Amino acid sequence: MAGLVKLSKLTPAASKAAFSTMTARMGASPAPWNYLWKPGPYPETEDERVQAAKKYGLCIEDYKPYPKGSDVMAGDYPDMTLVPEAHRDPFYAWDCPEYRRDYGEPLHESFDMYRETRYTPPKNDAFTWGQRVQTMFMLFGTFLGLILICEDNTWIPKIQQPVSAIQTPKAGDVHYTFEPADK
Amino acid sequence: MGATWTREFWEGPEVTPKQYSKPTFDPLLGFPEGRKPRVMTVSAEEMEAVQLTPFEKNYCAEAHIAAKVCQWKYPWFLNGFNCHHERHAVDECLHQDYIIRMKEWERERRLRIRQKKIDAANAAEDMDE
């Protein structure tokens, strides 16, 4: 939706149709059409609200636009309650089963992000995010605490091999075997 | 496998040397006939020419060099089937080196026990006096 159809904004409204015929005659991809479905501006008067509710298929009591000036920048598009597709009843006889949506049901502003093949937020999560973070810190804290206690601690025996230092021949060092010296 | 741990548990941590620690006592203490020092049989230039890794530049360098030279006699895909004698010689040499290090560890441990007894006897003498 963003950055679309700058051409039609540059020309007067009368020649909007000319662009679509021109592109159709040249055999290019279909003319842009999604500007026709752009939501209207934020409804100020009650009359505008009634018209907007009717446009989107909602009762005036149910219609609620996004707050004016919100980051969603939806204009008069309604603020629907988000029910992700995967959370809807799989056994109900939806009109459009692959969308789990009835005919004419108004769509959420970002419904395509919450499709079954896209993101689904967790439902009935077994643990809260805070519990998971707390568990992580408890585990890591236990490991670190054990390391701090046991490392270089003379009171805790180490599982080690009974070998002394590796004997590399260096300039000043003398290493001996266990045989008597040659006389 | 937990023999060292068990000994440390019963005999105490101050008597048990740490793994890979250097000996603290005089190397010739307790050897009336002296000790034969270990000798390097190859020169540093030879080791560098054959491109030994730092781990291989120890008292077993001669065996390592023989194994490496043998390895270059054959193409790489036959390396696994040849030079068994040279590779076994390297393992034997490293095994003897490990045994020497184990003996050093045990010697350190026994000298520490001995030192502990000496100190206890001296302390008892001081108390008696």
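Read the figures in this text as sums done on the coordinates, not as results from a lab. Remember, it's a predicted structure, so these values are computed and weren't measured experimentally. Glycine gets a Cβ as well: all are built from the backbone with ideal geometry, and neighbour counts include every protein chain shown.
Remark: relative contact order (the range B:20-86) = 23 percent; criterion is Cα-Cα distance under 8 angstrom and separation of 6 or more residues. Taking all Cα pairs closer than 8 Å and separated by 6 or more residues, the relative contact order of chain B comes to 27 percent.
Taken along the Cα-to-beta-carbon direction at a fixed 7 Å, the label points for A:Ile147 and B:Leu29 span 3.6 nm. For the range A:27-183, the relative contact order works out to 14 percent when only alpha carbon pairs closer than 8 Å and six or more residues apart are counted.
Between B:Lys116 and A:Thr117, the modelled label-to-label distance comes to 7.4 nm, taking each label 7 Å out from Cα in the direction of the beta carbon. Taken about its Cα centre, chain A carries a charge dipole of about 720 debye when Lys and Arg each add +1 at the Cβ and Asp and Glu each add -1 at the Cβ.
Using Stokes-Einstein with the Kirkwood hydrodynamic radius over Cα pairs, what translational diffusion coefficient do you get for chain B at 37 °C and a viscosity of 0.692 mPa s, in µm²/s rounded to a whole number? Estimated via Stokes-Einstein, D reaches 178 µm²/s.
Kindly state, to the nearest 0.05, the FRET efficiency for A:Gln160 paired with A:Thr128, given R0 = 35 Å and r defined as their beta-carbon distance. The computed FRET efficiency comes out at 0.20. In chain A, the calculated helix contribution to ellipticity at 222 nm averages -8000 deg cm²/dmol per residue, counting -39,500 (n - 2.57) for every DSSP H run with n ≥ 4.
Among B:Trp105, A:Trp33, a tally of other beta-carbon atoms within 10 Å of each Cβ gives an order, fewest to most, of A:Trp33, B:Trp105.
List, in the order given, every pair from B:Lys36/B:Lys57; A:Lys170/B:Lys36; A:Lys170/B:Lys18; A:Lys68/A:Lys123; A:Lys158/B:Lys22; B:Lys36/B:Lys117 whose Cα-Cα distance in the structure shown is over 19 Å.
Where the Cα-Cα span goes over 19 Å, the pairs concerned are B:Lys36/B:Lys57; A:Lys170/B:Lys18; A:Lys68/A:Lys123; B:Lys36/B:Lys117.
Excluding same-chain neighbours fewer than eight residues apart, the lysines reachable from A:Lys64 by a Cα-Cα span under 24 Å are A:Lys38, A:Lys54, A:Lys55.
Averaging Cα coordinates gives a centre for the range A:85-137 and one for the range B:1-18; these two points are 60 Å apart.
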